[in-house]
Amino acid sequence: MPTLHLHDLDIEYSDDGAGPAVILVHGGASSHRQWRRLADELCPTHRVLAPNRYGYGGTSAWRGSGCRSRWSGTRWAAPSR
């Protein structure tokens, strides 16, 4: 899986399909796989990015407090291929 380096941490994400980008963020106690069925439906017409939140999957754990606020404050843009 590709990895994005952001805020001194590595964020693992899936990147499938082509077309306008859609970013799917999973809930707690899950991973990017939560979106697999929806991603499969969207992939023929969209580029689907699904990151693992801090501490989930291959994404680094957040160092310090404020994990939730840091994640919600992160601005997402589809990485170039």
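Quick notes on this one:
- Built amide H within the under 5 Å cut-off of Val25, gap 5+: none
- Cα gyration tensor shape for segment 1-53, rounded if a/c is under 1.5, else prolate or oblate: oblate
- Between Ala61 and His46, residue separation times 0.36 nm minus the direct Cα-Cα distance comes to 2.5 nm.
- For segment 34-40, 3J(HN,Hα) per residue [Karplus equation, 6.51 cos²θ - 1.76 cosθ + 1.60, θ = phi - 60°, Hz, x = Gly/Pro]: 3, 9, 3, 5, 5, 4, 4
Taken together, the values in this text are just the output of simple stated rules run on the coordinates, not laboratory data. Remember, it's a predicted structure, so these values are computed and weren't measured experimentally.
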